[in-house]
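Structure, as C-alpha cells:
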Amino acid sequence: MANPSDKELRTLNEAVLLHMNGKYVDSAAAYLRAYESVSAESKYYCLHAFTTLLRPDILNPTDAHMTFLKKIKKNTGKPPAERVLSAFVYGILNNNMFDDRESAGK
C-alpha cells in the first residue's frame, strides 16, 4: 500500500481533530469528504473512522449516512472490505437503533 500524500493526511487530520474535539457532526462530514477525495488505498480508513461515530451515544445516523452506507454495500465495484464494513454497520444500525430487522438483513 502506498503512503498517503500530504494532501490526504491534511484531509484526514481535519476529520480526526474534529472527532477528538467532540465535534461529531462536523467530523462525520469531514470523513465523508475525505472518503470522496483520497486515494483508493486510504478510503477504507476514512470509512472505518466514519462508522465509529455512528452510535447512539456519539452521533445518531441520518438518512444521508444510511444511504451512503447502503450505496457502498450494494456497489460491486467497491473493494470487499469496504462493502463488508458498510453492510455490517448498516445492518447493526437498522437492527439495534431503528428496530428494523427486515432492512438489517438486506
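Just so you know, all these numbers are worked out from the coordinates, no wet-lab data involved. Computed from a predicted structure; not experimentally measured. Here Cβ is always computed from backbone atoms with ideal geometry, including for glycine, and neighbour counts include all displayed protein chains.
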Between a first residue in region 48-75 that is farther than 12 Å from Val25 by Cα and a second residue that is among the hydroxyl-bearing types (Ser, Thr, Tyr) and outside any loop (DSSP other than H, G, I, E, B), which pairs have beta carbons less than 7 Å apart while being 6 or more apart in sequence or on different chains?
-> Ala49/Tyr31; Met66/Tyr90; Leu69/Ser86; Leu69/Tyr90; Lys70/Tyr90; Ile72/Ser86; Lys73/Ser86; Lys73/Tyr90
Enumeration of residues in region 16-47 that are surrounded by 15 or more Cβ atoms within 10 Å (Cβ to Cβ), closer than 18 Å to Leu69 by Cα and of a type outside the set (Phe, Trp, Tyr) = Asp26, Ser27, Ala28, Ala29, Ala30, Leu32, Ala34, Val38, Ser42, Lys43, Cys46, Leu47
Looking only at region 1-15, and only at residues there that are in a loop (DSSP other than H, G, I, E, B) and either of a type in the set (S, T, N, Q) or under 13 Å from the mean Cα position of the chain (by Cα) (or both), the one that is surrounded by the fewest Cβ atoms within 10 Å (Cβ to Cβ) | Asn3
Counting just the residues of region 48-63 that are buried (at least 20 other Cβ atoms within 10 Å of the Cβ) and more than 15 Å from Leu17 (Cα to Cα), which one comes out farthest from the chain's Cα centre (by Cα)?
-> Pro61
